[in-house]
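Asker: Below is one structure. I have some questions about it.
The values are calculated or read from the model by the stated rules, or taken from the named source; none is laboratory data. This one's a predicted model, so the numbers in the text were calculated from it and none came from an experiment. With ideal geometry, Cβ positions are generated from the backbone for all residues, glycine too; neighbour counts draw on all protein chains shown.
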Amino acid sequence: MSHEDGNTKVISEFRENDGRVQGFGRHLVLLHHTGAKSDTARVSPVMAIRPDDDTWWIAASKGGAPDHPAWLHNLVAHPDTEIETPDGRVAVHARVLDPAERDAAWPHFTQRSDGFRQYQDKTARVIPVVALTRR
C-alpha cells in the first residue's frame with residue numbers, strides 16, 4: 001500500500017469514527033494545507049499534542065526520512081489553514097517553533113510514542129515541531 005493510500009484510509013477512519021483511529025486513539029488531527037508550488041489543496045493525518053486549549057503541536061518527522069514532509073514547506077508558504085480535530089474543524093495559524101521551543105516540546109512526542117525516538121535516531125536532521133494556534 002502506498003503512503004497516499006494509507007493516508008486515505010486513516011482520513012476515512014478519522015472521519016467515520018469521531019476522530020478515533022486505531023493505534024492513535026483521538027490524538028490525530030487532519031491537517032489541511034495548500035501546495036507551496038502547486039496551490040493544490042491537500043489533507044495529511046498527523047499526531048498532535050495539545051499543550052493548551054488553543055494550540056496543537058505537530059512534528060515534521062516523515063518517519064525519520066532525510067527530508068522534511070511536503071506539508072512543512074506548504075505550511076511555511078501558507079501558514080493560515082485549518083485542521084479537523086476529533087471535536088470539529090478549527091482555523092489555525094502554523095508557526096515552526098524556534099530551536100529552544102522545539103527542544104522543550106520534543107520530549108512530549110518521545111514520551112507519547114517510541115516511534116518519534118526511532119525517527120530522530122534514524123535521521124541526521126533535527127525534526128521540526130510546528131505550533132498550530134487557533135485563529
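Asker: Taking the criterion of being touching a Pro at 6+ places or on another chain (Cβ under 6 Å), of a type in the set (D, E, K, R) and within 23 Å of R135 (Cα to Cα), would at least one residue in the range 87-108 satisfy it? Give the steps one after another, and end with the answer.
Answerer: So the first thing to find is which residues in the range 87-108 are touching a Pro at 6+ places or on another chain (Cβ under 6 Å), and the list is 93-94, 96.
Narrowing the set further to residues that are of a type in the set (D, E, K, R) leaves none.
Scanning the range 87-108 turns up no residue that is touching a Pro at 6+ places or on another chain (Cβ under 6 Å), of a type in the set (D, E, K, R) and within 23 Å of R135 (Cα to Cα).
Asker: If a residue must be in a helix (DSSP H, G or I), of a type in the set (S, T, N, Q), over 17 Å from I49 (Cβ atoms) and touching a helix residue (DSSP H, G or I) at 6+ places or on another chain (Cβ under 8 Å), how many such residues does the range 73-130 contain? Lay out the reasoning, then the answer.
Answerer: Step one: of the range 73-130, the residues in a helix (DSSP H, G or I) are 73-77, 99-112, 114-122.
Among the residues that remain, those that are also of a type in the set (S, T, N, Q) are: 74, 110-111, 118, 120.
From what's left, over 17 Å from I49 (Cβ atoms): 74, 118.
When the remaining residues are screened for being touching a helix residue (DSSP H, G or I) at 6+ places or on another chain (Cβ under 8 Å), the result is 118.
Looking only at that region, the number is 1.
Asker: Right, something else. Are any residues in the range 61-109 touching a His at 6+ places or on another chain (Cβ under 6 Å) and either in contact (Cβ under 8 Å) with a residue 60 or more places away in the chain or at positive phi (or both), and if so, which ones?
Answerer: Within the range 61-109, no residue meets the criteria.
Asker: Please go through the range 18-66 and give me each residue that is part of a loop (DSSP other than H, G, I, E, B) and within 16 Å of H78 (Cβ to Cβ), ordered by number.
Answerer: The answer is G35, A36, K37, S38, D39, T40, A60.
Asker: Can you pull out the residues in the range 23-36 that are at pLDDT below 95 and either exposed (fewer than 14 other Cβ atoms within 10 Å of the Cβ) or in contact with a His (Cβ under 8 Å, 6 or more places away or on another chain) (or both)?
Answerer: Passing the criteria: G23, G25.
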